[in-house]
Number of protein chains: 2
Amino acid sequence: MNDIFLKNYPLLITNVKVAGLPADIFIDENGVIAAVGEHARKQHKGDAEFIIDGDGAIAMPGLVNTHTHAAMTLLRGYADDMVLQEWLNKKIWPLESHLTGSDVYWGTRLACLEMIRTGTTGFNDMYFFMEDAARAVAETGIRAVLCYGFIDLGSPEKREAECRATERLVAHIRSLDNPRIRAAAGPHAPYTVSKEGLRWCAEFAAEQQIGIHIHVSETEKEVSDSVAQHGKRPVAVLDECGILSSRTVAAHCCWLDEPECRLFAQRGVHVSHNPTSNMKLATNRVMPYHWLKAAGANITLGTDGCSSNNNLDMFEAMKTASLLQKFSWNDPTLLSAPEALQMATSAGSRALGFGTGTLATGSPADIVLVSSRTACNVPMHNPVSNIVYSCSGSAVETVICNGKVLMLEREVPYEREILAGAQEAASGLVQRAAQS
Amino acid sequence: MNDIFLKNYPLLITNVKVAGLPADIFIDENGVIAAVGEHARKQHKGDAEFIIDGDGAIAMPGLVNTHTHAAMTLLRGYADDMVLQEWLNKKIWPLESHLTGSDVYWGTRLACLEMIRTGTTGFNDMYFFMEDAARAVAETGIRAVLCYGFIDLGSPEKREAECRATERLVAHIRSLDNPRIRAAAGPHAPYTVSKEGLRWCAEFAAEQQIGIHIHVSETEKEVSDSVAQHGKRPVAVLDECGILSSRTVAAHCCWLDEPECRLFAQRGVHVSHNPTSNMKLATNRVMPYHWLKAAGANITLGTDGCSSNNNLDMFEAMKTASLLQKFSWNDPTLLSAPEALQMATSAGSRALGFGTGTLATGSPADIVLVSSRTACNVPMHNPVSNIVYSCSGSAVETVICNGKVLMLEREVPYEREILAGAQEAASGLVQRAAQS
């Protein structure tokens, strides 16, 4: 049976529930959902090379994490419970200055392993040494949009270097010709990138027809600093520089005001809500879901990196998002379970161009089977409520991405090797930092 | 090996880490930790009837959940995303009016199964049909303090009935003579119990030397209603009636003011923080951890019932507590990981009289082994951070309560039977409610 992890096969998944109804799913050898429903088994039994018995599991679209720094899993638990600037200055940045490409490879493999285990099939990543991240993503079989974190801090020399690094990554990813891996431009944030840098990123992304991944208005200070420096709020600066497009994913967005929410909707910007990170770092305000929803913006979900979360479990993120919105805006009806699930599936897929993010015929087969034989799914008055509010990612049994099986009944190939390699990389990194 | 679940044996747990150091643990046939450390193996190898290979796991005290309505697991996912009063009136109370003792038995068994799976070895429960809950607790091997939810709504007749029901439960639990199960008085809340009822509960609990379990100041409305009705805040009413004692666990406490925090500390009241429930129901304020900590109160952690959470995972509760405190009071240093772990172990044990809640020699053997070979524990810069911020309860592999093995390498006896029985009970309950 181990062979099932090797490549794409025509696959039949039997005995699952799709949207509450009994169904089978047939996936063709191109990784596309070719049939879903009660008749899929009859029609395609002879075509399947493997049959996966779902044993009553809930079949759902793979989850999409729209804001990560995957390799930061190596920093998981390295520093917590600190004020943002002190945490960055004293802990995170000194350690990051010792990162190597090999570290990023192992950190990203670990992140992909954790994402697969918890039902995520695609993510949107910003970091450094992204060629090494791409290698990790290619090997683990997950989908990703990868960008190099472009930071010029107003220096023309640094900007030149960042432009070339961005071009190199985009060319490299094109050369891979892997349908699961795409490049984006990654201007880090309006407070770390000059207007010239932002404009270059916007033009380059438009010319290359690639996405833009950026942090926007995570803290109140960013907004007041921007007003002091530029005479306008960060969103106005971004709009002036052409960053706000329908290819743009804006992370955090805690401090958007209502007109900015409307502008995001007009421009087609995809918002990535990162509730866990915002709570841990105490941003003091959460993304205004109600204004963005009223404006018709596409609202997606992300975990942020593991040093401010400290995991990549999108089930946890769905619950935290829904609960934080209710609590923070004082309305228990806000961000219902079905809306949270949509954020983490179809909305995320749309933002990253991964397909419909649904289990419709003709869609890429990014499918997750969630056990129904586990306490979090008993009783099952409402499967969507159980998925969002009761289960963690540990209820995921089987994961398929682009038609290829990445986890089968909780077995992921090479898991021990990945855990050992990542542990060794993390220990080495801390040692190098301590010796410097 | 199945025999290991049958009764208490002298047990040796090898190859674990206790507080970051390699250790073995020997548990005697009375369920007491007889030795912990690097020499436990040499000293006690010959004495052990079973040896559990920890395989590098983190050994930690069993988690203690200080506020539950365990049988409400049957209502998991039945109604979400609603305003509190509508949710109670239209959904929860109509369903609860059809509950039977058998439902409570199956709901509590399901809750105990979920708690064991996620590393909880003791809980503090308030509900109805508590004799049936006691039977479920006795069978599953966990610890509990059980109380009947006393609600008189100011009616003298109802009060009489509630007093008798409370007396019956306490007598019944004494008759069980089970060291793991104890009774408490359960005046539901100052807004559902008359002053006479509160006084009776306080006197009865003092006379019987048992605990008191009560909801306090969950919502702002409770506080303003109390001021309107009694001319004083709920905490003053409780103090007047003798409810505030060192045997009292007060749940929620979202709307305590600073003097009330000091009074709680003076009286020795144990506070149960229920962050997930408070977020889901949008209480608009969280328990003032900083004031309670400064006053020296004993602060513990609870999940609340599954209809407002919707699970019983205390790992999730630790993370949510820490993050919600940081976010809500705008201080990322508040409620650090070590403090969250202490809330969920030693503070909870102290509140419920379950022992030290530590792995010290001479303590009751309530021990949880958390896998180190899982993504959430890689890398391991800081085990306490990983436990609180990275892992869910699914990282728990083995659970021992009072020296008896309840889960071994993720196997819990009778799991399928419990899941099937609980599902059947939940379906029957919904059907009866629909037919009425």
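The values are calculated or read from the model by the stated rules, or taken from the named source; none is laboratory data. This structure is a prediction, so every number in the text was calculated from the model and none was measured. When we count neighbours, we look across all protein chains shown, and the Cβ atoms used for this are built from the backbone with ideal geometry, even at glycine.
For the reader, a short list of remarks on this structure follows.
- The stretch B:210-234, residues that are among the β-branched types (Val, Ile, Thr) and either without any contact (Cβ under 8 Å) to a residue 24 or more places away in the chain or more than 24 Å from B:Tyr127 (Cβ to Cβ) (or both): B:Val223, B:Val227
- Flag if B:Glu218 is crowded, with 19+ Cβ neighbours inside 10 Å, in the same structural domain as B:Val83 (by TED's automatic domain parsing) and acidic (Asp, Glu): yes
- Top-ranked residue in the stretch A:17-27 [being within 26 Å of the chain's Cα centre (by Cα) and not small (Gly, Ala, Ser); ranked as farthest from A:Asn178 (Cα to Cα)]: A:Lys17
Rundown of residues vs (1) surrounded by fewer than 24 Cβ atoms within 10 Å (Cβ to Cβ); (2) touching a Pro at 6+ places or on another chain (Cβ under 8 Å); (3) modelled with pLDDT under 95; (4) not in a strand (DSSP E or B), yes/no style:
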residue	(1), (2), (3), (4)
B:Gln85	yes, no, yes, yes
B:Pro94	yes, no, yes, yes
B:Ser102	yes, no, no, yes
B:Tyr105	yes, no, no, yes
B:Thr108	no, no, no, yes
B:Met115	no, no, no, yes
B:Arg135	yes, no, no, yes
B:Ala138	yes, no, no, yes
B:Cys147	no, no, no, no
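- Residue selected from the stretch B:117-133 under the condition assigned to a helix (DSSP H, G or I) and hydrophobic (A, V, I, L, M, F, W, C), by the criterion nearest to the other protein chains (Cβ to nearest Cβ): B:Ala133
- Selection of first residues in the stretch B:237-251 that are over 16 Å from B:Phe204 (Cα atoms) and of second residues that are crowded, with 24+ Cβ neighbours inside 10 Å and among the hydroxyl-bearing types (Ser, Thr, Tyr), restricted to Cβ pairs under 8 Å at least 6 apart or on distinct chains, gives the following pairs, ordered by first then second residue: B:Ala250/B:Ser272; B:Ala251/B:Thr66; B:Ala251/B:Ser272.
- A:Lys232 vs. criteria among the basic types (Lys, Arg), surrounded by fewer than 16 Cβ atoms within 10 Å (Cβ to Cβ) and assigned by TED's automatic domain parsing to the domain that holds A:Phe327: yes
- The set of residues in the stretch B:276-302 that are within 20 Å of B:Ser385 (Cα to Cα) and either surrounded by fewer than 24 Cβ atoms within 10 Å (Cβ to Cβ) or more than 9 Å from chain A (Cβ to nearest Cβ) (or both) comprises B:Tyr289, B:Ile299, B:Thr300, B:Leu301, B:Gly302.
- Scanning the stretch A:165-172 turns up no residue that is among the charged types (D, E, K, R) and either in contact with a Lys or Arg (Cβ under 6 Å, 6 or more places away or on another chain) or crowded, with 16+ Cβ neighbours inside 10 Å (or both).
- Flag if B:Asn377 is within 10 Å of chain A (Cβ to nearest Cβ) and surrounded by fewer than 24 Cβ atoms within 10 Å (Cβ to Cβ): yes
- Every listed requirement among (1) touching a residue at least 40 places away in the same chain (Cβ under 8 Å); (2) more than 20 Å from the chain's Cα centre (by Cα); (3) surrounded by fewer than 22 Cβ atoms within 10 Å (Cβ to Cβ) is met by B:Arg350 save one, (2).
- Looking only at residues in the stretch A:173-190 that are surrounded by fewer than 16 Cβ atoms within 10 Å (Cβ to Cβ) and farther than 23 Å from A:Glu114 by Cα, the one that is farthest from the chain's Cα centre (by Cα) is A:Ser175.
- Taking the conditions (1) crowded, with 24+ Cβ neighbours inside 10 Å; (2) aliphatic (A, V, I, L, M); (3) in a helix (DSSP H, G or I); (4) more than 8 Å from chain A (Cβ to nearest Cβ) in turn, B:Val399 satisfies each one other than (3).
- Strands (runs of 3 or more DSSP E) lying entirely in the stretch B:1-81 (those with 1 or more residues that are touching a Leu at 6+ places or on another chain (Cβ under 6 Å)): B:11-18, B:21-27, B:33-37, B:50-53, B:58-61
- B:Asp55 modelled with pLDDT of 95 or more, touching a helix residue (DSSP H, G or I) at 6+ places or on another chain (Cβ under 9 Å) and over 24 Å from A:Tyr389 (Cβ atoms): no
- In the stretch A:303-323, the residues that are of a type in the set (Val, Ile, Thr) and more than 8 Å from chain B (Cβ to nearest Cβ): A:Thr303
- Odd one out for A:Ser385 among (1) more than 13 Å from chain B (Cβ to nearest Cβ); (2) surrounded by 19 or more Cβ atoms within 10 Å (Cβ to Cβ); (3) free of Cβ contacts under 8 Å to residues at least 60 places away in the same chain: (1)
- Qualifying residue in the stretch B:31-51 (condition: crowded, with 19+ Cβ neighbours inside 10 Å, touching a helix residue (DSSP H, G or I) at 6+ places or on another chain (Cβ under 8 Å) and outside the structural domain of B:Phe129 (by TED's automatic domain parsing)): yes
Here's the yes/no breakdown for (1) hydroxyl-bearing (Ser, Thr, Tyr); (2) in a helix (DSSP H, G or I):
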{"position": "B:Asn311", "(1), (2)": "no, no"}
{"position": "B:Lys319", "(1), (2)": "no, yes"}
{"position": "B:Leu335", "(1), (2)": "no, no"}
{"position": "B:Ser346", "(1), (2)": "yes, yes"}
{"position": "B:Leu359", "(1), (2)": "no, no"}
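- Residue match in the stretch B:257-270 (condition: assigned to a helix (DSSP H, G or I) and within 14 Å of chain A (Cβ to nearest Cβ)): no
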